[in-house]
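The next block holds one structure in the form of structure tokens; read it before the comments.
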Amino acid sequence: SRPLPTLGNPKNTIEVLNKYKFVFQKKFGQNFLIDEHVLGKIIRSAEITENDFVVEIGPGIGTLTQYLASSAREVAAIEIDDALIPILEDTLSVYDNVTVIHEDVLKVDLCKLAQEKNDGRPIKVVANLPYYITTPIIMGLFENHVPVESITIMVQKEVADRMKTGPGSKDYGALSLAVQYYAKPELVANVPPNCFMPRPRVGSAVIRLTRHEAPPVQAADEKLMFQLIRASFNQRRKTLVNGLGNAPELHISKEVTTAVLEEMGLPATIRGEALTLEQFAELSNRIGEKRA
Ligand code: SAM
């Protein structure tokens, strides 16, 4: 069996930071985990087994990486900060199943990585994410069709709420619909600021997104559906008819949208934020037919 983690508490974290005179970089969203219970919870909810290839985004000093390495078959950890690379070499030296990739995660071809390291089979993604790029990371995983089985991530509490919510909530938006189209979101734990060093100013939450085997709704043209979703939430306070009419790249007249809403039994004054995922799928199918 593999070595047990040594990081994950304040004392050992401070020791490593001092040894390397590490200076936190705000621009990289660096808040390192110092709570063993939270780390254990992440590993358990991600259901990591010795068959798994896991991608970790932003390993920091390697805390969560040690936990992953002791349970998974293999781990690839992608870190952007030059200053952390020698630290990771040190803190992960006892593990023979970890590769550190020194790169911006948004520039890494994760499809290729899954192909090389896991024969193209679905991978697990686990991370305490840098909060400034949470949405591009998640949308990139889904839209680039990276083969993922599940994504277990620490995010800002408010973002976790946005992923889980439906119509009628102020948090409902394009991220909610995209996440729910591709995956089933489940809240794993709320995590207070004192579990991190330095403490973030916002509350955090661990959320697990389990990829659907097939989408829960039938959209004949996925791209069109997401264009409609984005256009209607870009102009949140406008009616759907005006919101879509004002998006020049879509070329959808107010008459077409009004006619489609009537066919669907919805009022012409409805706002996009009132529509469910199912209704957005139907809307895009009907608009697609009329445009064809
Ligand atoms: N996993 C560590 C932990 O839990 O203690 C660190 C988490 S910290 C919230 C986020 C990490 O992501 C930092 O190490 C930061 O340098 C790294 N990071 C920020 N932007 C990144 C990017 N574009 N690509 C890869 N890593 C990034």
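The values are calculated or read from the model by the stated rules, or taken from the named source; none is laboratory data. All values derive from a computational prediction rather than experimental measurement. Using ideal geometry, Cβ is built from the backbone for each residue, glycine included, and neighbour counts are taken over all protein chains shown.
Summary table
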read-out	value
Single residue of 69, 77 found to be surrounded by 24 or more Cβ atoms within 10 Å (Cβ to Cβ) and more than 11 Å from residue 126 (Cβ to Cβ)	69
Number of the exception - residue 166 against (1) of a type outside the set (Lys, Arg); (2) out of contact with any Phe, Trp or Tyr (no Cβ under 8 Å at 6 or more places or on another chain); (3) away from the ligand (no atom under 16 Å from the Cβ); (4) part of a loop (DSSP other than H, G, I, E, B)	(2)
Some residue of the stretch 4-11 being of a type in the set (Val, Ile, Thr), at pLDDT 95 or above, away from the ligand (no atom under 13 Å from the Cβ) and part of a loop (DSSP other than H, G, I, E, B)	yes
Matching option when the condition is outside any loop (DSSP other than H, G, I, E, B), crowded, with 19+ Cβ neighbours inside 10 Å and touching a Lys or Arg at 6+ places or on another chain (Cβ under 8 Å), among 256, 241	241
Which listed residue, of 100, 75, is within 13 Å of the ligand (Cβ to nearest atom), outside any helix (DSSP H, G or I) and closer than 19 Å to residue 46 by Cβ	75
Some residue of the stretch 40-50 being within 10 Å of the ligand (Cβ to nearest atom) and over 19 Å from residue 208 (Cα atoms)	no
In the stretch 12-41, the residues that are outside any helix (DSSP H, G or I) and either in contact with a Lys or Arg (Cβ under 8 Å, 6 or more places away or on another chain) or in contact (Cβ under 8 Å) with a residue 12 or more places away in the chain (or both)	20, 22, 23, 24, 25, 29, 30, 31, 32, 33, 34, 35
Selected residue [surrounded by fewer than 21 Cβ atoms within 10 Å (Cβ to Cβ) and modelled with pLDDT of 95 or more] from 188, 206, 155	188
